[in-house]
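**Q** Can you keep this structure in mind? I'll have questions shortly.
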Amino acid sequence: MKKATLLLFFAGLSFGLHAQKIFSTTTGQIRFNASSPLEKVIGINNQVDSKMVDKTGQVIFSALIKSFKFENQLMEDHFNENYLESSKFPKAEFRGFITNIGTVNFAKDGKYTANFSGTLTIHSVSQKVSTTGEITIAKGTPTVNGAFKVKLADYGITGSYIGGKIANEAEVTVNCKYQ
Amino acid sequence: MKIKIVLILLALCFTSIAAVWYYVFQYSKTHHRDVELENAIAVTAGQLVKDYQANESSANAHYLNKVIQIKGDVIKEGKDQAGNYTVTLKSNDPFSGVLCTLKNGSKISGTHSTIVVKGICAGFLTDVVLNEGVIVK
């Protein structure tokens, strides 16, 4: 009887130690900013699909290009048709890890530095990227913030206005509040 | 006579430039696609998800950037991080549904288990994603 109780206790302890939680959202936000001194080029996507594993730090951000909304419809059309070619390449994605996830205490509210490292795929071109962001824990719920500098030419994105009205390098800002 | 022709040509040029300027800098800024005015492809939420799961490329060729009218059961209502109303419709797969972000000012009134919603298809992630949605009934 004692043996069985001990076994159950250790089994429970082991489960507790290894249990991992997957946080997810389908309404995260990504902001694409390729503004130049000549033109404001900002698109916001509020339908970002993201998952994060607390124990391993594995993280995925997926976005549909057609979900980026611009203030100017004509700019949105050009972004989709001439630059990102969203009918051919409908998705963009970051897959990687928060490499210092061990420093984040999910049970304690606060702000923690998060080092992201992984592969960013845009326009069907994949590049290794890394950046530093932040995880905010509030009542056990994490919110992830991070920003990537994206050189458009590195992802095969070309167009006559790049380097003029559109900046050569866009800033992609991620903000995902998990549920 | 020549002066008259030159004046008419100048007026035409001016009008064309003004029209282009108005379209690019004024009209496009404020006018977005209006799903209510566009014809829609009618499909159930279950069938839409099934089509995407069976073959994403062919489903994109059929639905991407088109206005779709979906009938389905509501499994979730909420708001995105910018405060826009969202509604998720059930499919036959418990891990995948149809996520629709409603147009500014549009929201579900009352409690409905089955609704018809019209929106622009943006593609497939975990769910099939629609935006600029309006509730038809």
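Since every read-out is calculated from the coordinates, none of them should be taken as a lab result. Since we're looking at a predicted model, the values are computed, not measured. In this analysis, Cβ positions are derived from the backbone assuming ideal geometry, glycine residues included, and neighbour counts consider all displayed protein chains.
**Q** For the modelled label position 7 Å from the Cα of A:Lys108 along Cα-to-Cβ, which residues of the stretch A:118-141 have backbone nitrogen atoms closer than 20 Å?
**A** So the set is A:133-141.
**Q** A further question on this structure: Checking the cross-link filter: which aspartates and glutamates have an alpha carbon closer than 15 Å to that of B:Lys79, excluding same-chain neighbours under 8 positions apart?
**A** Here the aspartates and glutamates satisfying the reach criterion relative to B:Lys79 are A:Asp49, B:Glu132.
**Q** Specify which residue in the list A:Gly156, A:Leu84, A:Gly110 is farthest towards the positive end of the charge dipole of the protein assembly as shown, using unit charges on the beta carbon of Lys, Arg (+1) and Asp, Glu (-1), about the Cα centre.
**A** A:Gly110
**Q** What does the charge add up to near A:Ala34, with Lys and Arg as +1, Asp and Glu as -1, over the other residues with Cβ less than 10 Å from its Cβ?
**A** Here the charged neighbours net out to -1.
**Q** Here's a follow-up. Could you order peptides A:109-115, A:81-87 by the average number of other Cβ atoms within 10 Å of their residues, highest first?
**A** A:81-87, A:109-115
**Q** As a footprinting exposure proxy, order A:Cys176, B:Cys13 by other Cβ within 10 Å, with the fewest listed first.
**A** B:Cys13, A:Cys176
**Q** Moving to a separate point now. Tell me, what are the semi-axes, in whole angstrom and largest first, of the equivalent ellipsoid of the stretch A:77-122 as set by the roots of 5 times the Cα gyration tensor eigenvalues?
**A** They are 35, 12, 8 Å, listed largest first.
**Q** If you line up the long axis of helix B:45-54 against the longest principal axis of chain B, both from Cα atoms, how many degrees apart are they, to the nearest 10?
**A** So the inclination is approximately 90 degrees.
**Q** Right, another one. All other residues with a Cβ under 13 Å from the Cβ of A:Ile162 taken together, and with Lys, Arg as +1 and Asp, Glu as -1, what is their net charge?
**A** So the environment of A:Ile162 carries a net charge of -1.
**Q** For the stretch A:72-179, report the convex hull volume of the alpha-carbon atoms normalised per residue, in Å³, without decimals.
**A** 121 Å³
**Q** Using only the alpha carbons of the stretch A:30-83, what is the convex hull's orientation-averaged projected area in square nanometres?
**A** That works out to 4.6 nm², a quarter of the Cα hull's surface.
**Q** How far apart, in nm, are two points set 7 Å out from the Cα along the Cα-to-Cβ line at B:Val136 and at A:Thr141?
**A** In this crude label model, B:Val136 to A:Thr141 measures out at 3.3 nm.
**Q** Place a +1 charge on the Cβ of each Lys and Arg in the protein assembly as shown and a -1 charge on the Cβ of each Asp and Glu, then give the dipole magnitude about the Cα centre in debye, rounded to the nearest 20.
**A** The dipole magnitude comes to about 540 debye.
**Q** If you don't mind, another one. Loop-only trypsin sites (Lys or Arg not before Pro) in the stretch B:54-105, please: DSSP not H, G, I, E or B, and at most 15 other Cβ atoms within 10 Å.
**A** Hits after loop and neighbour filter: B:Lys66.
**Q** In terms of modelled amide H atoms, which long-range or inter-chain residues lie less than 5 Å from the amide H of A:Gly133?
**A** A:Ala114, A:Asn115, A:Phe116
**Q** Moving to a separate point now. Which trypsin sites (Lys or Arg not before Pro) from the stretch A:50-100 combine a DSSP loop assignment with at most 15 other Cβ atoms within 10 Å?
**A** A:Lys55, A:Lys88
**Q** Measure off 7 Å from each Cα along the Cα-to-Cβ vector at B:Met1 and B:Ser58, then give the distance between these two points in nanometres to one decimal.
**A** Placing both labels 7 Å along Cα→Cβ, they lie 6.7 nm apart.
**Q** Provide Rg and Dmax in Å for the protein assembly as shown, with only Cα atoms included in the calculation.
**A** 23.7, 115
**Q** Okay, next question. Taking Cα atoms, how many degrees apart are the long axis of helix A:2-18 and the longest axis of chain A, rounded to 10 and kept between 0 and 90?
**A** Long axis of A:2-18 versus the principal axis of chain A: about 10 degrees.
**Q** Using the beta-carbon distance between A:Lys151 and A:Leu38 and R0 = 22 Å, what value does 1/(1 + (r/R0)^6) give for FRET efficiency, to the nearest 0.05?
**A** With a Förster radius of 22 Å, E is 0.70.
**Q** Could you sort out which of A:Lys128/B:Lys66; B:Lys76/B:Lys137; A:Lys40/A:Lys151 sit more than 26 Å apart by Cα distance in this structure?
**A** Over 26 Å Cα-Cα: A:Lys128/B:Lys66.
**Q** Of all GluC sites (Glu not before Pro) in the stretch B:1-107, which ones are in loop regions per DSSP and have a Cβ with at most 16 other Cβ atoms within 10 Å?
**A** Sites meeting the loop and neighbour criteria: B:Glu38.
**Q** Just to confirm the number: angle between the C-alpha axis of helix B:2-21 and the first principal axis of chain B, 0 to 90 degrees, nearest 10?
**A** So the inclination is approximately 20 degrees.
**Q** Here is a follow-up. Under 20 Å Cα to Cα from A:Lys139, which aspartates and glutamates show up? Leave out anything in the same chain fewer than 8 places away.
**A** Leaving aside aspartates and glutamates fewer than 8 places away in the same chain, those within reach of A:Lys139 are A:Asp54, A:Asp109, B:Asp80.
**Q** To continue, here is another question. Can you give the calculated 222 nm mean residue ellipticity of the protein assembly as shown, where each DSSP H run of n ≥ 4 adds -39,500 (n - 2.57) and the sum is split over every residue, rounded to the nearest 500 deg cm²/dmol?
**A** -6000 deg cm²/dmol
**Q** Right, something else. Only four residue types carry charge here, +1 at the Cβ of Lys and Arg and -1 at the Cβ of Asp and Glu. Report the dipole size of chain A about the Cα centre in Debye, rounded to the nearest 20.
**A** 920 debye
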